[in-house]
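Report on the following structure.
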Amino acid sequence: MQLVQAASVDDRRSASRLRLVVSAMAVVVVAAVAVLGGIPLLGAAASANTIVTTTANTTRIAQFPVQGPCYYSDTFGAPRAGGRTHEGVDLIAKTGQYEYAVDDGVLTKQYLNTPGSLAGNGWRLTRADGTYFFYAHLSSFAAGLKVGSSVKAGQIIGQVGMTGNAGTPHLHFEVHPAGGAAIDPAPVVKAVDGCKVTTVPAQPGGATTTTTTKPTTTTTTTTTTTTTTKPTTTTVAPPSAGSATKWQFIAPVVALDTAGHALTPSKTSKVVVNTLTGVPTAAAGVMVRLVARNVAATGFVTMQPCDASATSTSTLTVMPGRLNATMTMVRVVSGAVCVTSSVALDVRIDVVGYLTANAAGVGVQPIVAKRALDTRSGSPMAAGSTRVLLPKALGMPLGSKAVTVTVTLLHPSAAGSIGIGPCGGTPWILPFTGATGQVFSAVVRTNDGGVCISASAQVHVVVDVTGVWTGTSALVPSAAQRLFDSRSGSAIGSATRTITVTVPKGTTRVQLSVTIVTYGQAGALLLWNCADSKPTASVVFAPAGSRATATVTLNASGAKLCLASTSSVHVAVDLVAAG
């Protein structure tokens, strides 16, 4: 069997240079701090990415390349790390879903996942007219296939995975007419759109199941059928704060969506999480996305372990008429977590990760708050545009799994949606309103291509980073506890305020929920460990007469924190997790 390593991906790099036709870079060096909307204007604007597509796209295929359900968008030509551009379409599907030959042809090249590879496991399928199709990031290959094998349209050639440079399970699919440069494959797959088709086409020889082979040093064979079942959960011992625990990210899974059946104010609801797909039955903690909708009045939502009494701590402050969303960590008790709201509202809670003692997990490293994007030093994001934040801009080393960010949306031209996620992967898409300033925070999955942000309406976007998910130093969630509240004393202003916080012994890093309350002016809060340099990026912003909450990763060594704000504001700091 001919084996070709994916680290050398043919002539795709030279083709990408031909397509890198337009990239308008607006770089503005700001010598002093300017203020627009109350948040410091710092740094440089990201490049305005122009997607160049091929107009004469007449290539046809006979079969959609992946088994449904799936989804995709046209990101052909989008920038990637190392000066590359995206040469395919990413069909987002679950690990293990089948990948099909799109036409009759011959498998002319096989790619194997190796350290540093871009494609991971993949195939090149060549048609009689010389057109070839490139498949990347497979989890496994169909057994019996090798370079030189002839395949029929609809034949299973492998399964969806996330090998190589992939931040989420998907098929990266390219089309090269007559063996030449890649064309935009989105119209090609759209013409035979099969994202809703779960039925497997008839296989050669009448087979109804297929055997796939995972490419490891030891040959292993697994049998897969077309029946969809819930994966078997793995039971892990509940870790404690003193054990070697890390976080494992999973595909987001809905734990609760009240969908018109609003939470009753001050009533605690139990949310079962240990029966969800991908979550081990004995998971000791989960990482969740929390989105509030149909908010009746200004208030707050608290997520807590179910053995802790509801407190006045705030996971998310909420207000009508704006985007209300965040991410947090919660300790799991008897397979569940609990949520309480001070006002009537609808909530959606998605689990995106769990605490594990397995070696495959990841820890987190706090960084001094870093501004990765501020479009106000150039032009706002245009409707339908995408910005790419490369690893260097995010302050993350290659190989990092995620970053903790605060995203501020300013002066939208209309209501719309914002998407953020790993480039080439699945974004978290959130609706925003036409309100002047809106904030959400997240632990965003990433890869070596960076983080991609898209907007459906014109809006200024500011992204600040406080943590990089890499290494093995983990955070363990506990019952939320208030560390500081300026409302019991004087407000925070431009002068640096030093506070001493009580954190668990031996703690060097913490995850915090930080709430800011403004009055006469908009305000942006700076928060840092006093042993570090004062940052130039803020951790949370709120318009005048408003309030907002952000999840922040922070260095807690020495237990002394420093705060300062662009205006007089009150601040509450709640401990969510420590390690």
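Calculate the translational D of region 492-536 in whole µm² s⁻¹ from Stokes-Einstein, where the hydrodynamic radius comes from the Kirkwood formula applied to all Cα pairs, the temperature is 4 °C and the viscosity 1.567 mPa s.
Working: Rh = 13.0 Å.
Approximately 100 µm²/s, per Stokes-Einstein.
Simple rule: put +1 on each Lys or Arg Cβ and -1 on each Asp or Glu Cβ in region 291-402, find the dipole, and look at Gly395, Val364, Asn294; the Cα lying farthest toward the positive end is Gly395. Each label was represented as a point 7 Å from its Cα along the Cα-to-Cβ direction; for Ser150 and Ser379 these points are 5.3 nm apart. In whole percents, the pair-distance distribution calculated for region 376-491 from its alpha-carbon pairs, binned every 10 Å from zero, is 13, 38, 29, 18, 2. Under Stokes-Einstein, with the Kirkwood radius over Cα pairs standing in for Rh, what whole-number D in µm²/s applies to region 282-353 at 10 °C and 1.306 mPa s? Approximately 128 µm²/s, per Stokes-Einstein.
Geometric descriptor of region 426-579, per residue, is 137 Å³ (volume of the convex hull of the Cα atoms).
For region 452-537, the spherically averaged projection of the C-alpha convex hull amounts to 9.1 nm². With just the Cα atoms defining each centre, how far is region 101-149 from region 354-415? Give it in Å. Cα centres, region 101-149 to region 354-415: 33 Å. Full extension of the chain between Ser490 and Thr199 yields a length gain of 98.3 nm, computed as 0.36 nm times the residue separation minus the alpha carbon distance.
How high is the FRET efficiency from Ala259 to Ala181, r the C-beta distance, R0 56 Å, rounded to 0.05? Don't jump to the answer; show the numbers that get you there.
Working: r = 46 Å, r/R0 = 0.83.
Here the calculated transfer efficiency is 0.75.
The candidates Ser513, Ser334, arranged from most to least accessible area with a 1.4 Å probe in the full protein assembly, appear as Ser334, Ser513.
Quick check: net charge around Thr426, other residues with Cβ under 11 Å of its Cβ, Lys/Arg +1 and Asp/Glu -1?
On the way: positive: Lys94, Arg445; negative: Asp90.
The answer is +1.
Note on Ser334 and Ala415: the model spin-label points, each 7 Å out from Cα along the C-beta direction, lie 4.0 nm apart. As a rough guide to protection, the peptides 101-110, 142-151 ranked by mean Cβ packing within 10 Å, highest first, stand as 101-110, 142-151. For region 249-376, the alpha-carbon coordinates run over 44, 44, 25 Å along the three principal axes, in decreasing order.
For Ala143 and Val272, compute 0.36 nm times the residue count separating them, minus their Cα-Cα distance, and round to one decimal in nm. Could the numbers behind the result be given before it?
Numbers: separation 129, 0.36 × 129 = 46.44 nm, distance 3.89 nm.
Value of the extension gain: 42.5 nm.
The values are calculated or read from the model by the stated rules, or taken from the named source; none is laboratory data. This is a predicted model, so every value here is computed, not measured. Cβ: placed from backbone, ideal geometry, glycine included. Neighbour counts: every protein chain shown. What goes into the accessible areas is simple: the full protein's heavy atoms, side chains included, and nothing from ligands, DNA or RNA. Shrake-Rupley method; radii C 1.70, N 1.55, O 1.52, S 1.80 Å.
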